[in-house]
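Quick notes on the structure that follows.
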Amino acid sequence: MAEMEVTFELAKENGITPEEWEKIHKILGRKPTYPELGIFQAMWSEHCSYKSSKIHLKTLPTEAPWVLQGPGENAGIIDIGDGWAVAFKMESHNHPSFIEPYQGAATGVGGILRDVFTMGARPLANLNGLFFGAPDHPKTPFLMRGVVAGVGDYGNCIGVPMLGGQVTFHPCFNGNNLVNAFTLGVLRGDRIFRGKAEGVGNPVWYVGSKTGRDGIHGATMASAEFSEETEEKKPTVQVGDPFTEKLLLEACLEIMADDFVLGIQDMGAAGLTSSSLEMAERAGSGIRIDLSKIPLREKDLNPYEILLSESQERMLFVAKKGYEKEILSVFRKWNLDAVQIGEVTDTSRAEFWFGGKKVADIPIAGIGDEAPLYDRPSAEPEELSEMRKLDLSKIEDLKDPGKEFLHFIGSPHLCSRKWVFTQYDQSVRTNTVQGPYHEAGLIRLKGTTKGIAMSLDVNPRLCKLDPRLGAASAVAESALNVACAGAKPLGVTDCLNFGNPEKPGVMWEFKEAMAGMREACLKLETPVVSGNVSFYNETEGVGIYPTPSIGMVGLAEDISKTATCFFKKDGAKVLLLGKRKGTLGGSLYLSAVKGLDKGNPPELDLDYHKSLINLMISLIGDGLVESAHDVSEGGLLPALAECCLSPLSDDLGASIDLKPGQRLDELFFGESISRVVVTADPESAGEVMKSAAAAGIDAGEIGLTGGKDFSVSIEGKRIFSLKISEIRTVWENGIDKILA
Amino acid sequence: MRVTVVQFLGSNCDHDVIQWSKDIFRMPTEVVWYTESDLRKPDLVLLPGGFSYGDYLRPGAMASRTPAIESVIDFAKSGGLVLGICNGFQILCECGLLPGALLRNSSLHFICRDLYLKAGNKKTPFTNKIPDGKLLRVPIAHGDGNYFCDEETAKALESEGRVAFRYVSPEGKIDPEWNPNGSMSGIAGILSEKKNVLGMMPHPERASDKALGCEDGRLIFESVISHLES
């Protein structure tokens, strides 16, 4: 291929602005070569450079005594005691999953797995946040089938269990579905590997799959809005090969068990370019790579394509000199390519050679230090003040509560996610204490009494109506989920999905969300240790609701002292802890049933919430409660019914008696952020009430477990009663309505 | 009792069965790489689940042509005990130690869930410790577990007591509702003619630890121990 003529026009087509074009000249002191242009364009894409978000991300709390690795590496790491540590991260694969749902979602899982094992951790659990358009949107079934199968097939093949997550439907995702993939791995705290190219003269190794043309410009594609021509972008989506990833995982962990690997990083977005530059940047070194040595899947890839390919299942590492034999023998055992492609230098420059010719030569500091950084203008979106207005008098209260309850709990928004979860291996590696049907995922750590709990949460509707509160409540909810399993929340990874940051309204949402996350993470002492930002989730100018997904990780010191959300036996007292009253503002009920995303969302008192979290941990640790379930989207009645619907045991009903004073819809389906339903033995119930009072948490008895019916009364007056079996049928088959 | 676990490229339940044998039952456990022919004198060979060779070509097809499997075939022909779980079952069908084939699940989806198993014959090396009337609650996790064989083989399996396990309802009845993958007659596991080779799709190694909720899978391992002791 003849060398492309590099002009501003060409640069502009690839997303480079006039100011950035100037900067490139300043850094190089000359016009860039075509491969150099490709490098700048990828490294300065929103996806890789965080140019619109960086100044705001810096406001997030990232430190605590137990944080071993904060943001800036491939994954964050926290100490969980006795020398053990967990590495975790969440990442979006939104744009690819909309263009090609199966491969887009699969490679999202592949990428996040690599981010975690790169740190030296054995991946032991996955979570997933999936956000689709309206249940009745024509594209929803296609996207859902593809995404779920893609997520499942990749993780299943590797053998990492999926412990849950979130599946949300809302029209704001009609043109941009979201796939947020979370992985957690375990390692020894003194065996952390980082992405650093250290030691002048040390060899740089390329391992894993061969390089092909797939995924070129993936990072750039993920940094732009979608239009009608999105279909044409299919070739920018990578194709996953989980079998190779499994081999890569085992081979990498095997060489990392020794002491000759100095730094390692996966080739994710912007492939070889970003991995080599970032490794050199972190070590303050230089790097020289011969692109002619890269194993190729097809002939005649040019340097530009090799640099920007996002072919999956590839890693770059730097090893001490003199261990070539050991390294090759491990990779040969696992049937993988391993090639020395270059070396670490002291030039502070990234040099790429091809066929004996230097094709790119860039000062590494220039790429990072001179990277564009934007403090983009922000302004509250105009529609918000109108959206926050809610006149309940214009909304009819429930007329046939039993029927309306059944309809609501069987809707795609609340129904069982069995169709999704059964497609994921939940129990491989024999650590799963609580799988995806629970409040939080919980794995044991073999050889210890410890359990690691994790939850993924966000409510995009709340985030739209009030991004500050919405983001804070995502942190609060996920922390409460973890606490309801009996674990202490310790750290956060995030996946910040937003629209086009060049729009002041979107930027305002982002800034507000960062402020909310900051407040909540500080108060709950859960620093942010890793994460990613996904902007430009817009199609034809229509953006998604702000969706800052939060992945929360917590520690249970003793897995024998944990709880699940399901009622355990007849005759237990049902208690409601926390805020007594919910509100319909921003509720799922109004959105899903009345088609209204309106009103002021429930308030969040972080001090109160923290007390509730601590109360839950102590109640469960002391064995005073038999079950615990956080009351979130859908409100009180759906939460109570969910406690009756254990997938593993027989139907167990409950008689609920509530206090009057609210509209029925508000009483049954109103939402509040700090509420938990627990059950306790009649002998322990008093103790629970006392503990709650001591913690300053409201508590009240609202019913008894038992029988095969779900009966609801107000002050003794029966409102409705349904057979659990009837609720189960409707609830378990809700997803079928979408797929039919 | 000496146990050998064979590892293939892409096995992902190898670790789980090693732990099953070594940590839960405290048996001397050897791990043999697929390129090795020496099985190291086992009393029981375990073929683990996973996605050997990424299920490319057909699940189990490529693993069934490895040096280790050649030795497993010899070992089985001389009467040695072999248990293949999930992908291990698929490998046993592909290498001819067990008849029939495992087709794509009828739903065309991968399925992971807990199910109930009923033993079809209690007088085998793998089932002798299962109490009468006891159903085992064991999870499945597979995309290709839909057992199929020709009519003649099916008759032989039934009449010779070679259906080791069937998927049943919680009441112990054969019920299409509780057959997860469309398997013929609800078959979850079958035995070789001499009943020394068992292939099963469900994962007993995942249901053998109280900390994870269910220990029914232990009965299969305990049966093997008791068979070898007697």
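The values are calculated or read from the model by the stated rules, or taken from the named source; none is laboratory data. Keep in mind it's a predicted model, so treat the numbers as computed, not measured. Positions of Cβ are generated from backbone atoms using ideal geometry, with glycine treated the same way; all protein chains shown enter the neighbour counts. Surface areas here come from the heavy atoms of the whole protein model, side chains and all, with no ligands, DNA or RNA. Shrake-Rupley method; radii C 1.70, N 1.55, O 1.52, S 1.80 Å.
A few notes on this one:
- Candidate set: the stretch A:125-156, residues that are within 11 Å of chain B (Cβ to nearest Cβ) and not polar (S, T, N, Q); chosen: the one surrounded by the fewest Cβ atoms within 10 Å (Cβ to Cβ): A:Arg145
- The set of residues from the stretch A:316-344 being among the small types (Gly, Ala, Ser) and either over 26 Å from B:Gln7 (Cα atoms) or open to solvent by less than 40 Å² (accessible area, probe 1.4 Å) (or both) comprises A:Ala319, A:Gly322, A:Ala338, A:Gly342.
- Counted residues, the stretch A:345-361 - those being open to solvent by less than 50 Å² (accessible area, probe 1.4 Å) and in contact with a Leu (Cβ under 9 Å, 6 or more places away or on another chain): 5
- Residue selected from the stretch B:82-126 under the condition open to solvent by 20 Å² or more (accessible area, probe 1.4 Å), in contact with a strand residue (DSSP E or B) (Cβ under 8 Å, 6 or more places away or on another chain) and part of a loop (DSSP other than H, G, I, E, B), by the criterion nearest to B:Arg2 (Cα to Cα): B:Leu97
- Unique residue being open to solvent by 10 Å² or more (accessible area, probe 1.4 Å), closer than 30 Å to A:Glu683 by Cα and in contact with an Asp or Glu (Cβ under 6 Å, 6 or more places away or on another chain) when the list is A:Lys573, A:Lys561: A:Lys573
- Counted residues, the stretch B:45-56 - those being surrounded by fewer than 24 Cβ atoms within 10 Å (Cβ to Cβ) and either away from every other protein chain (no Cβ under 12 Å) or more than 18 Å from A:Glu245 (Cα to Cα) (or both): 0
- Residues that are open to solvent by 10 Å² or more (accessible area, probe 1.4 Å) and either aromatic (Phe, Trp, Tyr) or part of a strand (DSSP E or B) (or both), drawn from the stretch A:535-549: A:Tyr536, A:Thr539, A:Val542, A:Gly543, A:Tyr545
- Selection from the stretch A:642-681 of residues that are of a type in the set (D, E, K, R), away from chain B (no Cβ under 14 Å) and over 26 Å from the mean Cα position of the chain (by Cα): A:Asp657, A:Lys659, A:Arg663, A:Asp665, A:Glu666, A:Asp681
- In the condition set (1) in a helix (DSSP H, G or I); (2) surrounded by fewer than 19 Cβ atoms within 10 Å (Cβ to Cβ), A:Met4 is compliant with all but (1).
- Of all residues in the stretch B:30-44 being in a strand (DSSP E or B) and open to solvent by 30 Å² or more (accessible area, probe 1.4 Å), the one that is farthest from the other protein chains (Cβ to nearest Cβ): B:Glu30
- Residue that is nearest to A:Gly111 (Cα to Cα) [pool: residues in the stretch A:258-285 that are surrounded by fewer than 24 Cβ atoms within 10 Å (Cβ to Cβ) and touching an Asp or Glu at 6+ places or on another chain (Cβ under 6 Å)]: A:Leu262
- Unique residue being in contact with a strand residue (DSSP E or B) (Cβ under 9 Å, 6 or more places away or on another chain) and modelled with pLDDT of 90 or more when the list is A:Glu20, A:Glu46, A:Glu36, A:Glu9: A:Glu36
- Flag if B:Asn196 is within 17 Å of the chain's Cα centre (by Cα), among the polar types (S, T, N, Q) and within 14 Å of chain A (Cβ to nearest Cβ): no
- Top-ranked residue of the stretch A:362-410 - restricted to ones that are in a helix (DSSP H, G or I) and among the small types (Gly, Ala, Ser), ranked as most open to solvent (accessible area, probe 1.4 Å): A:Ser393
- Restricting attention to the stretch A:609-621, the residues being closer than 13 Å to A:Ala479 by Cα and open to solvent by 30 Å² or more (accessible area, probe 1.4 Å) number 4.
- A search for C-beta distances below 7 Å between a residue of the stretch B:187-198 that is free of Cβ contacts under 8 Å to residues at least 60 places away in the same chain and any residue that is assigned to a strand (DSSP E or B) and open to solvent by 10 Å² or more (accessible area, probe 1.4 Å), counting only pairs 6+ apart in sequence or on different chains, returns B:Ile187/B:Arg166.
- Taking the stretch B:11-22 as the range and being touching a residue at least 60 places away in the same chain (Cβ under 8 Å) and either more than 7 Å from chain A (Cβ to nearest Cβ) or assigned to a loop (DSSP other than H, G, I, E, B) (or both) as the test, the residues that pass are B:Ser11, B:Cys13, B:Val17, B:Trp20, B:Ser21.
- Residue within the stretch A:622-643 that is of a type in the set (Asp, Glu), in contact with a Phe, Trp or Tyr (Cβ under 8 Å, 6 or more places away or on another chain) and open to solvent by 10 Å² or more (accessible area, probe 1.4 Å) present: yes
- Search result, residues across the stretch A:10-36 that are among the aliphatic types (A, V, I, L, M) and either touching a residue at least 40 places away in the same chain (Cβ under 8 Å) or farther than 25 Å from A:Lys357 by Cα (or both): A:Ile16, A:Ile27, A:Leu28
- Hits in the stretch A:413-434 - residues which are more than 7 Å from every other protein chain (Cβ to nearest Cβ) and either open to solvent by 10 Å² or more (accessible area, probe 1.4 Å) or in contact with a helix residue (DSSP H, G or I) (Cβ under 9 Å, 6 or more places away or on another chain) (or both): A:His413, A:Leu414, A:Cys415, A:Ser416, A:Arg417, A:Lys418, A:Trp419, A:Val420, A:Phe421, A:Asn431
Matching residues to (1) under 23 Å from B:Leu44 (Cα atoms); (2) part of a loop (DSSP other than H, G, I, E, B):
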| position | (1), (2) |
| --- | --- |
| B:Leu157 | yes, no |
| B:Gly161 | yes, yes |
| B:Ile174 | no, yes |
| B:Glu177 | no, no |
| B:Lys194 | yes, yes |
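- Pairs with Cβ under 9 Å, 6+ apart, first in the stretch A:435-449 and more than 11 Å from chain B (Cβ to nearest Cβ) and open to solvent by 10 Å² or more (accessible area, probe 1.4 Å), second among the small types (Gly, Ala, Ser) and part of a loop (DSSP other than H, G, I, E, B): A:His438/A:Ala485; A:Glu439/A:Ala485; A:Glu439/A:Ala563
- Count of residues meeting criterion [surrounded by fewer than 14 Cβ atoms within 10 Å (Cβ to Cβ) and at negative phi] in the stretch B:133-159: 6
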